[in-house]
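The structure appears right after this line, and notes come after that.
The values are calculated or read from the model by the stated rules, or taken from the named source; none is laboratory data. As the structure is a prediction and not an experimental result, all values here were calculated from the model. Because the Cβ atoms are built from the backbone with ideal geometry, glycine has one as well, and the counts that use them run over all protein chains shown. The area values use the complete protein model at the heavy-atom level, side chains included, leaving out ligands, DNA and RNA. Shrake-Rupley method; radii C 1.70, N 1.55, O 1.52, S 1.80 Å.
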Amino acid sequence: MLTFFCVLLGAIIFEYSNGFHDAANAIATVVSTRVLTPRKAIAMAAFFNLTGALFGGAVASTIGKGLVDTNVVSMTTVLSAVIAAFTWNITTWWFGLPSSSSHALIGGLCGAALAAANGNWSVIKWNAGVWPKVVVPMITSPFAGFIFGALLMFLLFVALQRFTPHLVHSLFGKLQIYSAAWMAHSHGTNDAQKTMGIITLALFTGTQGGSFDHLPAWLSFLKTPVFVLPKWVIVLCAVTMAVGTAAGGWRIIRTLGHRMVKLQPVHGFAAETTAALIIQGASYYGIPLSTTHVISTSIMGVGAVKRFSGMRWTVVERIVWAWVFTLPASGLIGYALERVLAAH
């Protein structure tokens, strides 16, 4: 029982870190274009992260039961996954790198499950889960963000070339508020679901293992004999992510909003609309997408159309390396933690 509460606490801390780590996903562009002040942008992102987190459940099911064999998962396995993801989140946040919280959690879970199965790779659902819902989207979604971001920006350039810069700036200054709100909502529908899946996995594992058999009546809500998201888990994760978002993530906001390319409202609108559309579609099909990958490459695509030489490719290179290392690094951390915790 103590291990479960450690898992719950760790999951809440991770969800909070996910909120402030990924706050930049929704508001970096709207802050950098000065359409909204940082305080107003963060308040808006927190609210729409909350609304997004309260809808859906397909992504949570993928994380909880679609990636690894639940028969080998114990409380320590889930705890190791959460700690591994949090460790990687904090490390990349410290260096201002917009890495993927999603892939950190997935890597941690796969690594911990592999350790729990004593190195038996068959416990990882490669063909049915990891390959089609993690690896393929990890490769294709950044390209989609870049290509569709560039295409939308090109179409806007063609459509708006007869308008005055003042009119374009004024119009998209208003429209960008809506695109940023949609981006925050779509982020909630995808990212908050991942921690919901982890907590539900811990509840399901505890119930199956008999950890909750002797609970007092007032704790009976913890029993989860079937893998279904409890309402209290949904609300808890939604509120926690909103609070984390409200705390802000200034290091990453500066990287996405200022260091890659200088943006104007029309560019911010194009990047946010592209990213929100891709993320919303992925959430519908239960794909735990990296919202960070999508918004980052959408900004790159928009910036490349604006002025290819204006892109700061050294910053982009650092971001790409963070993407490449996230899954294996968090997987190794999860593997090592599970070994240590299981030994005790």
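A few points about this structure:
- Counted residues, segment 79-96 - those being touching a Ser or Thr at 6+ places or on another chain (Cβ under 7 Å) and either open to solvent by 10 Å² or more (accessible area, probe 1.4 Å) or assigned to a helix (DSSP H, G or I) (or both): 8
- Cβ pairs under 7 Å, 6+ apart, first in segment 156-171 and within 14 Å of Leu263 (Cβ to Cβ), second modelled with pLDDT under 90 and among the polar types (S, T, N, Q): His169/Gln264
- Test: residue in segment 97-120 that is over 19 Å from Phe325 (Cα atoms) and open to solvent by 40 Å² or more (accessible area, probe 1.4 Å): yes
- Pairs meeting the criteria (first residue in segment 105-128 and closer than 9 Å to Thr77 by Cα, second residue polar (S, T, N, Q) and part of a loop (DSSP other than H, G, I, E, B), beta carbons under 7 Å, at least 6 apart or on different chains) are Ala116/Ser74.
- Filter result for Ser99 (within 24 Å of the chain's Cα centre (by Cα) and in a helix (DSSP H, G or I)): no
- Matching residues, segment 284-302, being surrounded by fewer than 24 Cβ atoms within 10 Å (Cβ to Cβ) and either touching a Pro at 6+ places or on another chain (Cβ under 7 Å) or among the hydroxyl-bearing types (Ser, Thr, Tyr) (or both): Tyr284, Tyr285, Ile287
- Test result for Ala144, more than 25 Å from Ala336 (Cβ to Cβ), open to solvent by 20 Å² or more (accessible area, probe 1.4 Å) and out of contact with any strand residue (DSSP E or B) (no Cβ under 7 Å at 6 or more places or on another chain): yes
- When we screen Thr207, Thr224 for residues that are crowded, with 17+ Cβ neighbours inside 10 Å and either assigned to a helix (DSSP H, G or I) or in contact with a strand residue (DSSP E or B) (Cβ under 7 Å, 6 or more places away or on another chain) (or both), the only hit is Thr207.
- Enumeration of residues in segment 184-204 that are at pLDDT below 90 and more than 30 Å from Asn71 (Cβ to Cβ): Ala184, His187, Gly188
- Number of positions in segment 188-240 that are under 22 Å from Val134 (Cα atoms) and among the aliphatic types (A, V, I, L, M): 8
- Taking the conditions (1) over 22 Å from Lys174 (Cβ atoms); (2) at pLDDT 85 or above; (3) in contact with a helix residue (DSSP H, G or I) (Cβ under 6 Å, 6 or more places away or on another chain) in turn, Lys65 satisfies each one other than (3).
- Cross-chain or 6+ apart pairs with Cβ under 6 Å, segment 195-217 first and within 23 Å of Ile106 (Cα to Cα) and of a type in the set (S, T, N, Q), then at pLDDT 85 or above and surrounded by fewer than 20 Cβ atoms within 10 Å (Cβ to Cβ): Thr207/Lys223; Thr207/Pro225
- Of Leu171, Leu105, Leu156, all but one fail to be at pLDDT 90 or above, within 29 Å of Ala43 (Cβ to Cβ), touching a Lys or Arg at 6+ places or on another chain (Cβ under 6 Å) and part of a helix (DSSP H, G or I); the exception is Leu105.
- Any chance Ser141 is of a type in the set (Gly, Ala, Ser) and either under 26 Å from Leu263 (Cα atoms) or at pLDDT 90 or above (or both): yes
- Considering only residues in segment 12-52 that are among the basic types (Lys, Arg) and closer than 16 Å to Ser179 by Cβ, the one that is modelled with the lowest pLDDT turns out to be Arg34.
- Verdict on Gln176 being crowded, with 21+ Cβ neighbours inside 10 Å, closer than 30 Å to Ser74 by Cβ and polar (S, T, N, Q): no
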